[in-house]
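Trainee: For reference, the structure I am asking about is given below.
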Ligand SMILES: [Zn+2]
């Protein structure tokens, strides 16, 4: 029995959210010599991602996968999907706060 870790990129066709999921693929042979794959996520058996994955962003089921490693060649897709980090600089009023007493 072999296990292989795969990170698959997905894209939602509803909201264009791009994300990745980590899977553990277990390769097994049944008694008849047929090879089979068992897909695990967080230790739980899940359907193969080709059967449709639900977008974690909008719940849409119209999602598509990329070939593994696709996002490494197209990092702009992943970055565009990241939320914009707000400016961490606090907005300070130049007027000193009035003391309550
Ligand atoms: Zn979506």
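Laboratory data are not the source of any read-out in this text; all were calculated from the coordinates shown. The model shown is predicted, which means the values in this text are computed figures rather than measured ones. Don't worry about glycine lacking a Cβ; one is built from the backbone with ideal geometry, like all the others, and counts go over all protein chains shown.
Trainee: Between the stretch 1-48 and the stretch 49-74, what is the separation of their alpha carbon centroids in Å?
Mentor: Here the answer is 12 Å between Cα centres.
Trainee: Using a Gaussian network model on the chain with a 10 Å cutoff between Cα atoms, which of 87, 42, 29 fluctuates the most?
Mentor: Result: 87 has the largest fluctuation of those listed.
Trainee: How much of the pair distance distribution for the chain lies past 23 Å, counting alpha-carbon pairs only, in percent?
Mentor: Here the long-distance tail beyond 23 Å is 47 percent of all Cα pairs in the chain.
Trainee: How far, in nm, would the chain grow between residue 66 and residue 27 when pulled straight, counting 0.36 nm per residue and subtracting the alpha carbon separation?
Mentor: Details: separation 39, 0.36 × 39 = 14.04 nm, distance 2.13 nm.
Extra length from residue 66 to residue 27 when fully extended: 11.9 nm.
Trainee: Packing-wise, with mean Cβ within 10 Å as the measure, how do 4-12, 33-41 rank, highest first? Before the final figure, lay out the partial values.
Mentor: Working: 4-12: 16.0, 33-41: 11.2.
Result, highest mean Cβ count within 10 Å first: 4-12, 33-41.
Trainee: Gain in length, residue 20 to residue 6, computed as 0.36 nm per residue apart minus the alpha-carbon separation, to one decimal in nm? Don't skip to the end; give the middle numbers.
Mentor: Values: separation 14, 0.36 × 14 = 5.04 nm, distance 1.00 nm.
Length gained between residue 20 and residue 6: 4.0 nm.
Trainee: Starting from the Cα of residue 58, step 7 Å along the direction of its Cβ; do the same at residue 41; then give the gap between the two resulting points in nm.
Mentor: About 1.9 nm, to one decimal.
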